Amino acid sequence: MTVQDNIAFGLKQDKLPRAERNKRIDQMLELLRIGQLRRRKPEQLSGGQRQRVALARSLAKHPKLLLLDEPLGALDRRLREHTQFELVNLQEELGITFVTVTHDQEEAMTMSSRIAVMHEGRVLQVDTPAGIYEYPSHRFVAGFVGSINQFEGRVSSSDGEYVEIEGDGGTHYRMHYGQPLAEGTSVMVGVRPEKMRLANDRKHGVNRLHGKVEDIAYLGDVSIFYVRVPSGQRVQMTLTNNRPIVEQTLGWGEEVTLEWSANAGVVLTD
């Protein structure tokens, strides 16, 4: 069957009037940008085009629940980004519940109102995208969704709001936790690279690490700096490129001091 007939197949089974069928077909062709493929047969389509036709065929029926397993995997980046937002808009317009399976964290964060992170058949956390990213409840979740620096340590004291933690090599962390933690508890301090900042001086202190810039990844809008600290760990720091790259003074081999606030990360016991 042609692309048009493929999209219409389920609608014919449901005995929808021709006018409504044509309306939905046109809507799907426009949504997935496959209007020029309307009269092509499957053997005339690429893998990505076939995937879009399959998605259009499913969406055209306006189901109450739609399971999507890696639905955008074969699409190029630009089309994938466009389709993500179009699917969200269509979901809101039609009131369809989408259950999407994906290994692309960015896709999950963009499309979802709620995310379930699974590991080895176990659901570790169900939350909003912001909740998953900012307040992970498990070490695996923290490391799986986005980049994060992880520092091991033991609780030295806790007042029910902030917790003092002794890390490797005499490092000392003070983090917001919101409830008491027993002295000696093993914990992980997690800090996202964009929460890190450059300290104005080289003094030692709470939530401070000294190190040397080992690698720089220039990504256009941001640069990621990989800093080797005395413990041997590589720490990531992200800086926004709000100035021309030629004006930036931080370079390879430079010694720096990184710091973060007590509210800029999470403390995890699991």
- Message: Given (1) under 23 Å from ILE132 (Cβ atoms); (2) touching a residue at least 24 places away in the same chain (Cβ under 8 Å); (3) not acidic (Asp, Glu), identify the lone condition not met by ARG174.
- Response: (1)
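A quick yes/no check of all residues on (1) in a strand (DSSP E or B); (2) at pLDDT 95 or above; (3) surrounded by 18 or more Cβ atoms within 10 Å (Cβ to Cβ):
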residue	(1), (2), (3)
THR83	no, no, yes
GLU86	no, no, no
VAL126	yes, yes, no
GLY143	no, no, no
GLY146	no, no, no
- Task: Taking PHE98 as meeting all but one of (1) touching a residue at least 60 places away in the same chain (Cβ under 8 Å); (2) buried (at least 17 other Cβ atoms within 10 Å of the Cβ), write down the number of the exception.
- Result: (1)
- Item | Hits in segment 221-270 - residues which are outside any loop (DSSP other than H, G, I, E, B) and aromatic (Phe, Trp, Tyr) | PHE225, TYR226
- Query: From VAL189, VAL246, VAL266, VAL229, which residue is farther than 28 Å from ASP159 by Cα and at pLDDT 90 or above?
  - Reply: VAL229
- Query: So ASN207 clears everything in (1) at positive phi; (2) of a type outside the set (Val, Ile, Thr); (3) free of Cβ contacts under 8 Å to residues at least 12 places away in the same chain except one condition, right? Which one?
  - Reply: (3)
- Message: PRO180 - would you say it is in contact with a Gly (Cβ under 6 Å, 6 or more places away or on another chain), at pLDDT below 95 and either surrounded by fewer than 15 Cβ atoms within 10 Å (Cβ to Cβ) or farther than 21 Å from ILE148 by Cβ (or both)?
- Response: yes
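The values are calculated or read from the model by the stated rules, or taken from the named source; none is laboratory data. Remember, predicted model here, so these are calculated numbers, not experimental data. Don't worry about glycine lacking a Cβ; one is built from the backbone with ideal geometry, like all the others, and counts go over all protein chains shown.
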